[in-house]
Amino acid sequence: MKFIASFGLLLITITACDYKPKNQGKSLYLKHCQSCHMENGQGLGQLFPPVSNADYVNIHSDELACIIRYGLEGEITVNGVTYNEAMSGNRQLSDIEIANLTYYILKELNDIEKPYSIAEIRLQLDRCK
Amino acid sequence: MGRRFWRSGISAFGVLLFIQACSNQTAKELPVLGPYKVVDNIVDGRLITDTLFTQIRPFIFYDQDGEEITEKTIEGKVCVVDFFFTSCPTICPKMKQQMLRIYDEFENEPDLVLLSHSIDPKRDSVERLHEFAQKLNVEVSRWHFMTGDRDSIYSMAKHYMIAAQKDDEAPGGFAHSGAFLLVDKNRQIRGIYDGVDPESIDLMMDDIRSILIEKSVLK
């Protein structure tokens, strides 16, 4: 009986700790980004630019971490369409959370093969302080 | 003669059945929501009891073209009503995504009008709403983004039974419900839906179809 209980507990622990950058990235995306950029990153009209399959993300991939933390203002062009609504920053996110979120956006939403390591993200964030 | 009579009788019955079956498919009875009054009237010496449902009261707001929008504008139309503000960082974009689904679905339906009220009329000027509507690429005749007197907007929200208030603690400075209301041709509320939930909006679109075929009894 005790054995079964402890085995069960172990199973629960293993599944609960299903920790991958992709998973945390996705839940962070759903919590902090999807209300404007929409659930699959498709954006909305000319109000919110897409963040999936977006040329802007490819070209500015090393600025994503800074944009997530400090926001963005001014006109930008994404996939040939201009956008000019201010995005507010997410200063409550830690470096690691930003790294995981960046990983999700680059890898899962844009098929970019080599997302940045946490060390690289920290360097990028240092540059835009 | 007898046989003929029966034959035509049976076919008439069949036609009736057929009509019944067809109308059953589309007729979905939706309740009238909101406060009501029970009124007793004496008509031809007999007591008649009537239930009077509240109608959405007259209003004056201004849309993204600066045009005056009143209850006359929506006469005989079915309306989808919501409250939002353009700089809202939380639920509004999702509400607008769902509103766009309704807008697209009823593209060829001139009797359906969408009314989005800004609860931040100070920032959401006619110009700002014009820009916003343009960025969603929608036509003013089918979707009015409205601004106006602040107190009138807030009391209108209350009248629609929708929560909206200024709240410095809330992201963006306002707290409000993401509900969509369905208002029929008689200016009566027939449904309340969750404007950020695609499934609730699926249901709303079904209900809109039922409401659209109802006739207006408004004088």
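In this structure, does B:ARG150 turn out to be over 23 Å from A:MET87 (Cα atoms), among the charged types (D, E, K, R) and surrounded by 14 or more Cβ atoms within 10 Å (Cβ to Cβ)?
Judged against the criteria, B:ARG150 is a match.
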Could you list, in sequence order, the residues of the range B:127-137 that are more than 9 Å from chain A (Cβ to nearest Cβ) and either touching a strand residue (DSSP E or B) at 6+ places or on another chain (Cβ under 6 Å) or exposed (fewer than 12 other Cβ atoms within 10 Å of the Cβ) (or both)? B:GLU127, B:LEU129, B:ALA133
Verdict on B:ASP40 being charged (D, E, K, R), more than 30 Å from A:GLY89 (Cα to Cα), within 14 Å of chain A (Cβ to nearest Cβ) and without any contact (Cβ under 8 Å) to a residue 60 or more places away in the chain: no
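Does B:ALA164 count as over 14 Å from the mean Cα position of the chain (by Cα), under 23 Å from B:GLU109 (Cα atoms) and among the small types (Gly, Ala, Ser)?
Details: over 14 Å from the mean Cα position of the chain (by Cα): yes; under 23 Å from B:GLU109 (Cα atoms): no; among the small types (Gly, Ala, Ser): yes.
Against the criterion (over 14 Å from the mean Cα position of the chain (by Cα), under 23 Å from B:GLU109 (Cα atoms) and among the small types (Gly, Ala, Ser)), B:ALA164 does not qualify.
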I'm told B:LYS158 meets every condition in (1) touching a residue at least 60 places away in the same chain (Cβ under 8 Å); (2) under 16 Å from B:GLN55 (Cα atoms); (3) not aliphatic (A, V, I, L, M) except one. Can you identify the failing condition by its number? (1)
For residues in the range A:96-118 being farther than 21 Å from A:MET38 by Cβ and of a type in the set (Ser, Thr, Tyr), which is surrounded by the most Cβ atoms within 10 Å (Cβ to Cβ)? A:TYR116
For B:VAL140, only one of the following conditions fails: (1) farther than 30 Å from B:TYR36 by Cα; (2) of a type outside the set (Phe, Trp, Tyr); (3) free of Cβ contacts under 8 Å to residues at least 12 places away in the same chain; (4) surrounded by fewer than 21 Cβ atoms within 10 Å (Cβ to Cβ). What is its number? (3)
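Pick from the range B:116-126 the residues that are away from every other protein chain (no Cβ under 14 Å) and not hydroxyl-bearing (Ser, Thr, Tyr): which of them is surrounded by the fewest Cβ atoms within 10 Å (Cβ to Cβ)?
So in the range B:116-126, the residues away from every other protein chain (no Cβ under 14 Å) come out as B:117-122, B:125-126.
Okay, now just the ones that are also not hydroxyl-bearing (Ser, Thr, Tyr), so B:117, B:119-122, B:126.
Values: B:HIS117: 28, B:ILE119: 23, B:ASP120: 20, B:PRO121: 23, B:LYS122: 9, B:VAL126: 18.
Looking at residues that are away from every other protein chain (no Cβ under 14 Å) and not hydroxyl-bearing (Ser, Thr, Tyr), I get B:LYS122.
Rule-based calculations on the coordinates, nothing more; no lab input. Not measured: the values here are computed from a predicted model. Glycine also receives a Cβ, built like all others from the backbone with ideal geometry; neighbour counts cover every protein chain displayed.
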